[in-house]
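Each value in this text was obtained by applying a stated rule to the coordinates, not by laboratory testing. Since this is a predicted model, take the numbers as computed values, not measurements. With ideal geometry, Cβ positions are generated from the backbone for all residues, glycine too; neighbour counts draw on all protein chains shown.
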Amino acid sequence: MTQYLAKYFALHRKLVLPGIGFFNTSTQPAQLEFVEKTLHAPVHTINFWQDENVADNNFISFLIKETGLNHYETINKFSQFITGLKEKLQSGVALKIPGLGILTNNENGYSFNPENLQQYFPGITAERVIRQNAQHSVRVGEDEKTSVEMHEMLNKEVVKDRWWIGAIVLAVVGVAAILYYYLSR
């Protein structure tokens, strides 16, 4: 029966154990550490709330489909399984639920130690890949051009405007003409 618990939890991210409590997951999104060039997977945390009055009819439907038993037999087997879990917990046995963690009974009720799911999702190196001379499409305003066309357009040699050279020559000629006029008199 424990394999069905883990499968249901993996598919639905929640699991109800009647008379014990319910499990669900909370997710922290993936993170990119730019300096370390590492991409960390999303962090999934398994939470447990002790509540003896919760029920989940969807789990019974799931069990019926998985086991192929009829509705009455499925409810009966699941009830026996839950009763067995409660008896083990009352006797002080720590229950290992595969894919979830370890459930124990203490003086305050039930205590849960979740399984570390991050061991299955280590961070990966995120190196920047630069491909020289690789052609791809680039959207420029309303137009779509290739990277080669954009490279040619951006790398055109700019003709430098040298208007100031002519201005200096005219200024020198003007000053020379004025000097000649006043000195020749």
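Miscellaneous remarks
- Pairs of C-alpha atoms in the stretch 6-67 farther apart than 20 Å represent 43 percent of all such pairs.
- Here's the list of lysines a cross-link from residue 77 could span, going by alpha-carbon distance under 29 Å and ignoring same-chain residues fewer than 8 apart: 7, 14, 65, 86, 88, 96.
- Two-site label geometry, residue 158 and residue 81: point separation in nm, points 7 Å out along Cα→Cβ: 7.3
- Under Karplus coefficients 6.51, -1.76 and 1.60, residue-wise ³J(HN,Hα) of the stretch 136-146 in Hz, glycine/proline x: 8, 7, 10, 8, 10, x, 8, 9, 10, 10, 8
- Once C-alpha pairs closer than 8 Å and six or more residues apart are averaged by separation and normalised to the residue number of the chain, the relative contact order reads 17 percent.
- A compact globular protein would have a Cα radius of gyration near 2.2 N^0.38 Å; the ratio found for the chain is 2.37.
- Think of the chain as having a plus end and a minus end, set by charges on the Cβ of Lys, Arg, Asp and Glu; of 101, 31, 8, 31 sits farthest toward the positive end of this dipole.
- Taking amide H as placed 1.01 Å from N in the peptide plane, residue 101 has its amide H under 5 Å from the amide H of 115, each at least 5 places away in sequence or on another chain.
- Once backbone amide H atoms are built at 1.01 Å from N, residue 21 has 51 as its partners under 5 Å, excluding neighbours fewer than 5 places away on the same chain.
- A simple rule links phi to the HN-Hα coupling: the Karplus curve 6.51 cos²θ - 1.76 cosθ + 1.60 with θ = phi - 60°, which for the stretch 92-99 gives x, 7, 7, 8, 8, 9, x, x Hz, with x for Gly and Pro.
- Taking GluC sites (Glu not before Pro) across the stretch 13-114, the ones in a DSSP loop with at most 16 further Cβ atoms lying within 10 angstrom of their Cβ are 36, 52, 107.
- Dipole moment magnitude, nearest 20 debye, the chain about Cα centre, only Lys, Arg, Asp, Glu C-beta charged: 460
- The stretch 61-139: trypsin sites (Lys or Arg not before Pro) falling in loop per DSSP and having at most 12 other Cβ within 10 Å: 128, 131
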